[in-house]
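For reference, the structure discussed in these notes is given below.
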Amino acid sequence: MIGQIIKKQALLLIRNPVQLLLLIGLPIILILILGNALGSMMNGDSSGLKVKLALIEHQPENEQVENFLASIDNPKGTKVEQSDVTNIAPIQTLKSILTNDELKGVIDVREVPFSEKQAVLDDNTYTAVIEIPRKFTHDFLSYTIFGEGNKPKLQLYENEQQQIGAGVIRSLLEDLQRQYTLASFLQEKEIDQQVLAVETALLNNNQQSINQKNPVTSKGYYTIGMAVMTVLYIAATIGSLAFMEKRIFVFNRIIIGNMSRWVYFTGILLSGMIFGCLHLGIIFSFAWITFGVSWPNIMALLLVTFAFSIAVGGIAVLLTAISYRLHSETVTNFFSGIVVSLMALMGGSFYPIGDNSTFIQTLGNLTPNGAGMSAYLSILRGDNISVISSNILFLCLFGMAMILIAASTFPKRGEAV
């Protein structure tokens, strides 16, 4: 009889093509969209980032350097060479950083006259604008070499609609400032800057990668992220189908037919487990054929999938039991509409937010989709089963806890109305 209940659930699902399309088509579409949209960022490729930067100089730097050298009267007996001044010229250094080969394809630097400042600020295509005040280099050299005057400041205008690119420019300016601060400190303390320099040869010899793992592509990441998120909708779908059977008195007829309620309970549980496994298998197979997402350890993959299916089956039977107890489908709708999205966000299905916070990562791993995703990602990286044993154990315990709660909530024979 349990097999008949599973077959009945499968037929109900197959006869609802819209629901079936959402369960299978939705994750595939999301993998395509998110994998392509965020692929360059997640793969460490900066080609997806384009920064348009405007430099506005009120006075040419070479003119300021000449004026500075002409105005030096060696007030502290310091001997200043023209080559030394040219080497530390800040704007020349900034331009060389912004136009080097590594950033050439990312940052488009355009020198704009001061008369066009307002037009540039009104142009939303510019990511940021750096305005260099008059006598900036002259004041910088006086402050750095002789400690005279106040520290000059650049004016940075950021486009709020391009925060990532603006943040890149801000970080470059902050790094440049730290380098000049360090150089100034070493000069003040009369410390040779070569003391901090480490010969490259010492670093290049005998370099070995420790615990090197396989890289996870954006397609692989979002294949897992979308699979572990959308498989939770399987549980909600089965819960909805079971409640529909309650409304049309199918469950009552089963009880009247002298069938144990535990037979129906087990049928719902196994339906969730089997359909969950099939769902994950279809998504992973599609990703393997289309995107080349392969699994180094098939045994570990099957083990995690089985543990995850226990959690999915437990959620399905729990939603069914609560809906039967409350005579309402509200809990199932709330789970599929809100809870799944929140768990997907915490579990990292949309973006690896756990990489920025250990607390969020721990919280995400306390959700079934988060634990499953961590385990699947570890398998893709080439880890063995011992590394993911804690995730597998959590999924099994989570599923068993859901089953026990559902068993205590499931209506008894006299309550089947």
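The values are calculated or read from the model by the stated rules, or taken from the named source; none is laboratory data. Keep in mind that this is a model prediction, so the values were computed, not measured. Positions of Cβ are generated from backbone atoms using ideal geometry, with glycine treated the same way; all protein chains shown enter the neighbour counts. The protein model used for the area step is the full one, side chains on, heavy atoms only, and it has no ligands, DNA or RNA in it. Shrake-Rupley method; radii C 1.70, N 1.55, O 1.52, S 1.80 Å.
Here are some notes:
- Within the stretch 278-292, being more than 14 Å from Leu13 (Cβ to Cβ) and either open to solvent by 10 Å² or more (accessible area, probe 1.4 Å) or of a type in the set (Val, Ile, Thr) (or both) holds for Gly281, Ile283, Phe284, Ser285, Phe286, Trp288, Ile289, Thr290, Phe291, Gly292.
- Sole exception among (1) farther than 16 Å from Leu232 by Cβ; (2) in a helix (DSSP H, G or I); (3) open to solvent by 10 Å² or more (accessible area, probe 1.4 Å) for Val331, by number: (1)
- Every residue from the stretch 293-326 that is within 21 Å of Arg261 (Cβ to Cβ), touching a residue at least 24 places away in the same chain (Cβ under 8 Å) and either in a loop (DSSP other than H, G, I, E, B) or open to solvent by 40 Å² or more (accessible area, probe 1.4 Å) (or both): Ile322, Arg325
- The residues of the stretch 8-37 that are of a type in the set (Gly, Ala, Ser) and closer than 22 Å to Leu269 by Cβ amount to a single one, Ala10.
- Qualifying residue in the stretch 158-169 (condition: more than 28 Å from the chain's Cα centre (by Cα), closer than 14 Å to Leu94 by Cα and either open to solvent by less than 30 Å² (accessible area, probe 1.4 Å) or among the aromatic types (Phe, Trp, Tyr) (or both)): no
- Residues of the stretch 120-160 classified as at pLDDT 90 or above and among the small types (Gly, Ala, Ser), total: 1
- Count of the stretch 105-157 residues, restricted to those that are open to solvent by 60 Å² or more (accessible area, probe 1.4 Å), of a type in the set (Ser, Thr, Tyr) and in a helix (DSSP H, G or I), is 2.
- Restricted to the stretch 48-99, and to residues there that are modelled with pLDDT of 80 or more and in a loop (DSSP other than H, G, I, E, B), the residue that is surrounded by the most Cβ atoms within 10 Å (Cβ to Cβ) is Gln59.
- Residue check for Asn384: surrounded by fewer than 24 Cβ atoms within 10 Å (Cβ to Cβ), modelled with pLDDT of 90 or more and either assigned to a helix (DSSP H, G or I) or not hydroxyl-bearing (Ser, Thr, Tyr) (or both): no
- Residue that is over 25 Å from Thr237 (Cβ atoms) and under 17 Å from the mean Cα position of the chain (by Cα), where the choices are Pro296, Pro352: Pro352
- Considering the stretch 336-357, the residues that are assigned to a helix (DSSP H, G or I) and open to solvent by less than 20 Å² (accessible area, probe 1.4 Å) include one that is modelled with the lowest pLDDT, namely Gly354.
- For Ile353: the one exception among (1) farther than 22 Å from Pro215 by Cβ; (2) free of Cβ contacts under 8 Å to residues at least 40 places away in the same chain: (1)
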